[in-house]
1. Karplus couplings for the range 29-40 from phi (6.51 cos²θ - 1.76 cosθ + 1.60, θ = phi - 60°), rounded to Hz, Gly and Pro as x?
2. Please turn the phi angles of the range 72-88 into ³J(HN,Hα) values with the Karplus equation 6.51 cos²θ - 1.76 cosθ + 1.60 (θ = phi - 60°), one per residue in order, whole Hz, x for glycine and proline.
3. Can you give me the accessible area per residue for the chain, using a 1.4 Å probe, in Å²?
4. Report, by chain and number, residues whose modeled amide H sits under 5 Å from the one on Ala19, excluding near sequence neighbours (fewer than 5 apart, same chain).
5. What residues have an amide H closer than 5 Å to that of Tyr56, excluding those fewer than 5 places away on the same chain, when H is modeled at 1.01 Å from N in the peptide plane?
6. How long is the chain along each principal axis, judged by its Cα atoms, biggest number first, in Å?
Amino acid sequence: MEIDSFEAIVRLIPTCKAASLLPKSYLRPQLLSDNGLVDVHIPALIETRRTTSLIYGKTSELSSAASRWIDETEGLFRRRQEEKKQTT
């Protein structure tokens, strides 16, 4: 789903029982708290141009599919870092 308003995305996450990757700079603590959300730091995304976090509803558990997706994303970024090191 593509939505162009970060605040709309944040409000939809708990309703849709979804998660989203958003720039950390847009995730004010009060906005997360007001919408019952938590953020997850994903170290492998540190190489992105913006610090990105996965957010999801506090009352829902992170699904095994979402956990696998995080693992796969981290692996992809690690492989890219290793390839980058090998070419320099």
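The values are calculated or read from the model by the stated rules, or taken from the named source; none is laboratory data. Treat the numbers as computed from the prediction; the structure is a model and nothing was measured. Side chains included, ligands, DNA and RNA excluded: accessible areas come from the protein's heavy atoms. Shrake-Rupley method; radii C 1.70, N 1.55, O 1.52, S 1.80 Å.
1. x, 5, 4, 5, 4, 4, 9, x, 10, 10, 10, 10
2. 5, 5, 4, x, 4, 5, 4, 4, 5, 5, 5, 4, 5, 5, 5, 8, 9
3. With all protein chains present, the chain gives 73 Å² per residue.
4. none
5. Val38
6. Rounded to whole Å, the extents work out to 45, 27, 22 Å.
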